[in-house]
Amino acid sequence: MNPQRIAVKLYLEEPAALDPEELVPVFHRFIREDLVTGVPIDVARYGHVSDGPGIMIIGSLKDHALDLGGGRAGLSTTLKRGADGTVASRVHELVQDVARLSVDLQADPDLGSRARVGTGEILITILDRYEAPNDDATLLKIDPAIREVITALSEAGGAGAVTVERVGESRDPFAVRVLVDQPRPLIQWAEGVEAASV
Amino acid sequence: MSTTGWRDRLEAQMPPDLAEEIDIFETQLELRQDGRVDERVFAETRLRRGVYGQRYDNGQRHDGIEQRTLTFPAGDLTKGPETLWDAPGMLRIKVPWGGLTPIQLDVMAELAEEYSDHILHITTRQDVQLHYVHIEDMPTVMRRLAAVGMTTREACGNGVRNLTACPLSGVCRTEAFDVTPHSEALFRFLLGHPDCQDFGRKFKIAFSGCADEACGLVMMHDLGAIARTDMVDGEPVHSFDVYVGGGLGTTPHQAKLLADRVPLGELLPITQAVARVFARLGEKLNRNRARIKFLVAGTGIEEFQRLVREEREILPYDERWTAHLEDGLAPEVPSRSLDGVGEEDGTDAAFVTWRDTNAYLQRQDGYAVVTVPLPLGDISSHQSRLLADIARRFVGDTIRTTVEQNIVFRWVRLEDLRDLYAALGEIGMADAVAETIVDVTSCPGTDTCKLGISASRGLAGELREQLGAKQTELDEAVRGLRIKVSGCFNSCGQHHVADIGFFGNSRKSAGRVVPHFQVVLGGQWQHNGGSYGLAVGAIPSKRIPEVVDRITDRFVAEREPGETFLDWTGRTGRKGLAAIIADLKAIPSYEEEPGLFSDWGNPREFSIGDIGIGECAGEVISSTDLELSFAESIAFEAQVALEDGDVAKADERAYRAMITAARAIVRTELPDVPEDDDVIVGEFDTRFVETNRFRDRFAHSKFARPLLERHASGEAAANEEAARSLVEEAQLFIDAAHAFQIREAGATSATQ
């Protein structure tokens, strides 16, 4: 299995506190200040679409978003092209990306600490129905990579007990939800994520 | 891996002609990456497959402070002039007459999720667009579409674009007859038709079932057909009034009547004749004058009619002209009742409001058409899947897209309306805004379009929000108005036919650029877009909501009993209308009102530096160039087959490459040469080899001989050595065809 397109999402703790449109000027500034990876190109606004991709930084290699998919607002980073390394290292890189994005937004003065991000739940999606249909066989194949990332993160960040479950229907892209028993505060968790090696 | 994987998995599901088209395109991609196809030729090749460039694909973006260079991984490799390879682009999917099935919706949702930005965008011409797709993913996306009967072929470029039709066709209360089977037949007939490959610009066709409603907006199309029924000897006789030469853009033209009462069996040939006249006489060099409206205006409609009649007389007969009249389309199957609560239940005010705005009673008793409004034409992947499920439950395969960027369900049982309303509400798609002033239409504008000047989607979203908030307070006469927004003068938002229209432009003030919209009032939506609005002045973008308020307030205050907005604007006149908004034109200093110097939904200080080279029409590349390019692709496949040790395939591909190249040469003199190898080789031999015109100065007839000999013998290469020889000769033959074309062009120009 060699999926190219993988997304990692963390959820906002208080989604109602943040109007997605508030992210538009912030994301434009992030592009200007080179704060995100993946050859960022522009900001796309889909806040008017319920259950949609929200406000996005569209990139050549990666997208970053305040993602409204699944009816739950969160921050996501999607790897689209140029993947190298193992599946585990790709997932780990994306977790690092979304952790940095979360820390930056949580600390952003224009958002007044309203973009609070939880670390107790991570959604990992593989956007490749050929390589990774949403079934148990894919889960079996992908599980070792997920465990490798989780182990690395646990050692570095002390995340506590972890459960991994496949979510969605067979027609949806393959996705797993990683639930953490004792989630750490974002900053502390992000430091651990940054330090972990896969 | 997924690329070849999908091809193998879907091979049996794809129509062979589409599958081959996509294979050729994929080979062209490889050749372009190797620098073996010129970027201009490749650009037209991809445009003719619906693969468009997007904003910033020249690698430049103004970040609000300064111009920045985007550093894409593939460096300087291009997919067209000033269009970088790695810059994501748009794919336009044709949806002929707007017809969709749930499975098609499912597949497009998957593609949006895996290759795009999770959004399907419905256009003002009933297409679906995916944005931010990488060029190398396009063949796979096309294959997955082809497997469910969809194509992107000729969705862009200088060809016949998507064919649109009224979404009520077949169920409308005022139509003459159902135009759907005729639209489908014409769409299939013209797709890839040789007579439509040498246009100087794009060509748009629309069908209407009646003359008085907006219906298919025939009057703003290059060619349109309006259904009519006459009683002849007491019997109803169906026919079409065919119009030609309409168009919007900077110089909008109303279409003119080409021929009335065109018998159903004559529709395809008369369209073919128009295409041939346009290809032959239409402007090729100046793309600003290359639409058919300029040709018709130049010749006059009477002369154009004569040219078409003359062309029609010499058309070789084609059995497809009338085949659909016998076969037809399978009629839509009315949905069965789900034993719903019943639409007569009027206790739920929200439901009643929704029913009054979003449901249309069909001609057939007991059924309705329901509009599912899509804000700015957008629907997410997840919503699309859920909507497809709802369609399966209530109406089956009878979904259509609309030019107002919505989706309609047809054949909804009246007793199921309430359940459908509830189901749509659960996925956030039951806004009671259909055909109201709130349901603003917009082209992509500066969000993604290379030509966009102002943020049409930003403005449309703002107006939608502001008007939606006060929808119930609006005067009845205002609620039914239409607002349409274009990001520039090219009019993709169709602002000319709106009651209140806007198109983007800009003005300079004290060294800074201010985004503006030109205000266009009093366009006619009815009568197939029967007249265009009056431009009354350019206003800073941020003040446009104030423009809408002032105009609608004045209309309500001044309208006479029964007076329409169109009549009121006509009575008030351009001068009177301009006076209402005149004071809004003044531009204060940046220090006084900095917000005026950025656009809706985009906080960057406004700049026109991001405007790129439009690909709306593409470069004018001759069909000979394109066909020779395809021949090269096939020759390349032959080389690959040889490397794989597949001698039989290498031989077949090499031979096919030569046939394709020979056909390209023959078609320069015999446009109607059939897809028959004997005829192609015979004509090539007679016209070009025997006359020594294909003769090379040094190699003489050497390059033509392998084709003639391989064709005459009919024998495939017996071994790898023979196949290798043929593969090499095929490439030399194509090179010789290019050289021949250059010689002929030189000879032609020398005699002019």
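The values are calculated or read from the model by the stated rules, or taken from the named source; none is laboratory data. Just so it is clear, the model here is predicted, and its values are computed rather than measured. When we count neighbours, we look across all protein chains shown, and the Cβ atoms used for this are built from the backbone with ideal geometry, even at glycine. These area figures cover heavy atoms from the full protein model, side chains too; ligands, DNA and RNA do not enter into them. Shrake-Rupley method; radii C 1.70, N 1.55, O 1.52, S 1.80 Å.
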Item to check | Tabulated pairs, the stretch A:77-99, first in a helix (DSSP H, G or I), second aromatic (Phe, Trp, Tyr) and at pLDDT below 95, C-beta under 9 angstrom, 6+ apart or interchain | outcome: A:Ala99/A:Trp189
Item to check | Contacts under 6 angstrom Cβ, first residue in the stretch B:9-22 being touching a residue at least 12 places away in the same chain (Cβ under 8 Å) and within 14 Å of chain A (Cβ to nearest Cβ), partner part of a helix (DSSP H, G or I) and crowded, with 18+ Cβ neighbours inside 10 Å, 6 or more apart | outcome: B:Leu10/B:Arg143
Checklist entry - Only one of B:Arg543, B:Arg550 is out of contact with any strand residue (DSSP E or B) (no Cβ under 7 Å at 6 or more places or on another chain) and either of a type in the set (A, V, I, L, M, F, W, C) or open to solvent by less than 50 Å² (accessible area, probe 1.4 Å) (or both); which? => result B:Arg543
Item to check | Exclusive hit being away from chain A (no Cβ under 12 Å) and open to solvent by 10 Å² or more (accessible area, probe 1.4 Å), set B:Glu404, B:Glu426 | outcome: B:Glu404
Item to check | the stretch A:41-97 - residue that is surrounded by 20 or more Cβ atoms within 10 Å (Cβ to Cβ) and among the hydroxyl-bearing types (Ser, Thr, Tyr) and, of those, farthest from the other protein chains (Cβ to nearest Cβ) | outcome: A:Thr77
Item to check | Residues of the stretch B:200-244 satisfying the condition of being buried (at least 24 other Cβ atoms within 10 Å of the Cβ) and over 20 Å from B:Ala185 (Cα atoms) | outcome: B:Arg201, B:Met219, B:Met220
Item to check | Any hit, the stretch B:171-192, residues being in contact with a helix residue (DSSP H, G or I) (Cβ under 7 Å, 6 or more places away or on another chain), assigned to a loop (DSSP other than H, G, I, E, B) and open to solvent by 20 Å² or more (accessible area, probe 1.4 Å) | outcome: no
Checklist outcome for this item: Within the stretch B:96-135, residues of a type in the set (Phe, Trp, Tyr) and within 13 Å of another protein chain (Cβ to nearest Cβ) come out as B:Tyr115, B:Tyr132
Item to check | Conditions (1) of a type outside the set (A, V, I, L, M); (2) at the interface with chain B (Cβ under 9 Å from one of its Cβ atoms); (3) part of a loop (DSSP other than H, G, I, E, B); number of the one not met by A:Arg29 | outcome: (3)
Item to check | Selection count where residues are surrounded by fewer than 18 Cβ atoms within 10 Å (Cβ to Cβ) and within 14 Å of chain B (Cβ to nearest Cβ), scope the stretch A:112-140 | outcome: 2
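This table checks each residue for (1) open to solvent by less than 10 Å² (accessible area, probe 1.4 Å); (2) not in a helix (DSSP H, G or I).
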site	(1), (2)
B:Asp76	no, yes
B:Arg92	no, yes
B:Trp97	no, no
B:Glu110	no, no
B:Glu113	no, no
B:Asp117	yes, yes
B:Gln126	yes, yes
B:His131	no, yes
B:Asp137	no, no
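In the stretch B:450-468, which residue that is open to solvent by less than 20 Å² (accessible area, probe 1.4 Å) and charged (D, E, K, R) is farthest from the other protein chains (Cβ to nearest Cβ)?
Restricting to residues being open to solvent by less than 20 Å² (accessible area, probe 1.4 Å) and charged (D, E, K, R), the top hit is B:Lys450.
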Checklist outcome for this item: Within the stretch A:10-37, the residues that are under 14 Å from the mean Cα position of the chain (by Cα) and open to solvent by 10 Å² or more (accessible area, probe 1.4 Å) are A:Tyr11, A:Leu12, A:Val36, A:Thr37
Item to check | Residue satisfying condition, being in a loop (DSSP other than H, G, I, E, B) and not aliphatic (A, V, I, L, M), within set B:Phe688, B:Phe636, B:Phe684, B:Phe694 | outcome: B:Phe694
